[in-house]
Amino acid sequence: MADYLLLDGDKAIFTPSFGAATVVVQPGTLTASGPATVNGKKVCVAGDEKTVSVAGCSYMTPSHPIPGTGTLEIASLAGDQTAGKTRSGSTLVMLVGSSFTAKFTVQSPAQQPAPPGPPVPDPTPQYSGTGSFTTTNTKFKGV
């Protein structure tokens with residue numbers, strides 16, 4: 001089924017729920033590498049999702065309420081987020097599609113208060129979540 005092409009500068013919108021962790025999300029920005037352009041912007045191709053990285057996002061869990069920080073990234077695209085036929089150069093283009101799988105990598109662990117001792121850090125190094133794309137392209141679709 002046809003869906004809108006993703007372009008340079010389009011946004012990856014992350015869902016705040018990452019399993020047990022709640023992340024204060026910020027949008028990520030796609031950097032396109034395809035040779036084709038739409039309205040002067042490059043078209044995103046498969047692999048460009050790896051350019052999305054949002055560092056410095058706060059998070060906490062029910063058991064670790066003192067916030068920590070980490071980085072949001074796209075782990076993998078859904079099957080409908082890569083075109084089956086439409087290409088830019090020799091690479092399949094990226095489409096808005098449904099929801100991608102996201103990962104949140106902990107840089108500074110959230111803490112659990114443990115008076116009278118020091119706080120206990122969250123032992124989980126990474127959490128999984130989801131997200132979706134928004135695009136400024138309302139005209140061009142790929143299949």
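The values are calculated or read from the model by the stated rules, or taken from the named source; none is laboratory data. Worth saying up front: this structure is predicted, and the values here are computed from it rather than measured. Note that each Cβ is placed from the backbone with ideal geometry, even for glycine, and that neighbours are counted across all protein chains shown. Note: accessible area is taken over every heavy atom of the protein model, side chains too, but ligands, DNA and RNA are not part of it. Shrake-Rupley method; radii C 1.70, N 1.55, O 1.52, S 1.80 Å.
Odds and ends about this structure:
- Assigned charges on the beta-carbon of Lys, Arg, Asp, Glu; the range 35-117 dipole about Cα centre (debye): 260
- Converting phi to 3J(HN,Hα) with the Karplus coefficients 6.51, -1.76 and 1.60 and the offset θ = phi - 60°, the range 40-45 yields x, 10, 5, 8, 6, 10 Hz in sequence order, with x at every glycine or proline.
- Per-atom-type breakdown for the chain gives carbon and sulfur 58% of the accessible area (1.4 Å probe, protein chains only).
- Across the range 91-101, rounded Karplus estimates of 3J(HN,Hα) from the backbone phi angles (6.51 cos²θ - 1.76 cosθ + 1.60, θ = phi - 60°) give 10, 5, 7, 8, 10, 4, x, 8, 10, 8, 8 Hz, Gly and Pro being marked x.
- In Hz, Karplus ³J(HN,Hα) per residue of the range 72-87 (6.51, -1.76, 1.60; θ = phi - 60°; x = Gly, Pro): 8, 8, 8, 7, 7, 8, 6, x, 8, 9, 10, 5, x, 10, 5, 10
- Against the set [x] 61, 25, 23; [y] 45, 32, 27; [z] 55, 37, 31, the structure's computed Cα extents along the principal axes in Å falls on [x].
- Heavy-atom accessible area for GLU73, with the other protein chains in place and a 1.4 Å probe, reaches approximately 50 Å².
- Amide H within-cut-off set for VAL120, under 5 Å, with H built and near neighbours excluded: GLN112, ALA114
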